Amino acid sequence: MATLTSLAAQPPRIAEARRLVVKIGSALLVEGSSAAREAGGLRAEWLHSLARDVAALAARGTQVILVSSGSIALGRGLLHLPQGVLPLEQNQAAAAVGQIRLARAYEEALAPHGITAAQVLMTLEDTADRRRYLNARATLETLLSLGTVPIVNENDTVATDEIRFGDNDRLAAQIAVTVGADQLVLLSDVDGLYTANPQTDPTARHLPLVPEITPEIEAMAGDPVSGLSKGGMKTKLMAARVAVAGGCAMAIATGQVPRPLKAIEDGARVTWFAAQDDPQAARKRWIAAMKPRGSLTVDAGAAQALARGKSLLPAGVTAVSGRFGRGEPVTVHAPDGTTIAKGLTRYTADEARQLLGHRSDEIETILGYPGRAALIHRDDMVV
């Protein structure tokens, strides 16, 4: 029982988050009654209270990404589709209608606070394929740097079973790892993990902090309690595994109160899963463990720039070896052949050969299309 009793460590505080990902479940966004759902029953008042929390965090310098369920639940109500399991094509039709409604709702909730909302639709393939993963990461990083709040949802209008996450708990965890978030909060209809199902077992105990996800912890997972929610505690624990391995602490918290993030700050009951490392170190280890597909040789000036933590620009590259695609790992060699770095390249081997020795402002002229300034960005490199 060591996992349950070793709770001396202090749980994270949202107020200290540098980058926070928040997942919002369908049951929080869409009214529960069938009549309300048929009327397209978005819980606008609750959403506006969440926007106040996001604005308060942003004012303190925290970058926030929202991973939102609700598009299918909203769309099926607006299309008057029956409750229960729908065929794939009806689910996708509902998502197509619901995504517009959902995006507009977030825009209207955040705009009064001077915050621009951005919609990002993703599938499992976008994080499984390295090239698309890097592109998704760069897009989200750019949106955050421009002060927006990205609203991420699974692209249910095109996703099939083979390319689905299937629930937004795991999508949120993958997004958190992708962008190097230090905290992830799953807002749901439960206030955390219990030793047993508290609805059926009066002896069930709430766990405020889980230092490690053990088989004992996994055995405590139950089934979904909401008719709108796809994910139960099992999917939340799967999400926690992904998040903490990527250096991101994760919380399971109830969202069934106004201003749910402020409630967590004020001491509401939640379960925190402790991160196993910091996000940047976890990402660097992941890159370092990859098998390189090729190599780049750089001049002395570029080698010195890399040692100072700079990105690798095409101008500093003197030779390209191997066959590799965008997003694949390559080693970087100094002029004497010493390996000095490993990273994920933003260009193919053929493109890199065309660009070597050239300035970044020449990329579009050489390739015929605008590209990224760095051949390997410093965030995608281990020196």
### Query
ALA341's amide H: which non-local residues (gap 5+, or another chain) put their own amide H closer than 5 Å, with H modeled 1.01 Å from N in plane and none for Pro or chain starts?
VAL332
### Task
Quickly rank 286-297, 13-24 as a protection proxy: mean count of other C-beta atoms within 10 Å, highest first.
13-24, 286-297
### Query
Using Cα atoms only, what is the angle between the long axis of helix 168-178 and the major principal axis of the chain, expressed in degrees (0 to 90) to the nearest 10?
30 degrees
### Query
Cα to Cα, under 27 Å, and not fewer than 8 places away if on the same chain: which lysines meet these conditions relative to LYS234?
LYS23, LYS262
### Task
Please compute P(r) over all alpha-carbon pairs of the stretch 8-283, binned at 5 Å starting from zero, and give each bin as a whole-number percent.
1, 6, 13, 18, 20, 18, 13, 8, 2, 0, 0
### Message
Can you list residues from other chains, or at least 5 along the same chain, whose modelled amide H is less than 5 Å from the amide H of GLU154?
### Response
MET122
### Message
Could you tell me how far the Cα centroid of the stretch 49-81 sits from the Cα centroid of the stretch 349-383, in Å?
### Response
36 Å
### Query
Which distance in Å, rounded to a whole number, links the C-alpha centroids of the stretch 257-330 and the stretch 108-130?
21 Å
### Query
Just ALA334, ALA27, ALA117 to compare: in a GNM of the chain, with alpha carbon springs under 10 Å, which one fluctuates most?
ALA334
### Summary
Taking a straight Cα-to-Cα line shorter than 25 Å from LYS291, and setting aside same-chain lysines fewer than 8 residues away, one finds LYS310, LYS342
### Query
Using unit Cβ charges (K, R positive; D, E negative) and no other charged atoms, how large, in debye to the nearest 20, is the dipole of the chain about its Cα centre?
660 debye
### Query
For the pair ARG269 and GLU108, how long in nm is the line joining their label points, each one 7 Å along Cα→Cβ?
3.5 nm
### Message
Applying a 10 Å radius around every beta-carbon, put 337-349, 73-85 in order of their mean neighbour count, most first.
### Response
337-349, 73-85
### Query
Long-range amide H contacts for LEU209: which residues qualify at under 5 Å (H placed 1.01 Å from N, peptide plane, sequence gap of 5 or more or a different chain)?
TRP272
### Summary
Under the helix-only model (-39500 (n - 2.57) for each DSSP H run of 4 or more, divided by the residues of the chain), the mean residue ellipticity at 222 nm, to 500 deg cm²/dmol, is -10500 deg cm²/dmol
### Query
Relative to the longest principal Cα axis of the chain, at what angle does helix 88-110 sit, 0 to 90 degrees, rounded to 10?
90 degrees
### Query
Computed on alpha carbon atoms, what radius of gyration and Dmax characterise the stretch 177-299, expressed in Å?
17.5, 68
### Query
Once both axes come from the Cα atoms, what is the angle between helix 130-145 and the longest principal axis of the chain, in degrees from 0 to 90, rounded to 10?
70 degrees
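Each reported figure results from applying straightforward, stated rules to the coordinates on display, with no laboratory input. Please read these numbers as outputs of a predicted model, since none were measured by experiment. FYI the Cβ positions are ideal-geometry reconstructions off the backbone, even for glycines, and counts take in every protein chain you see.
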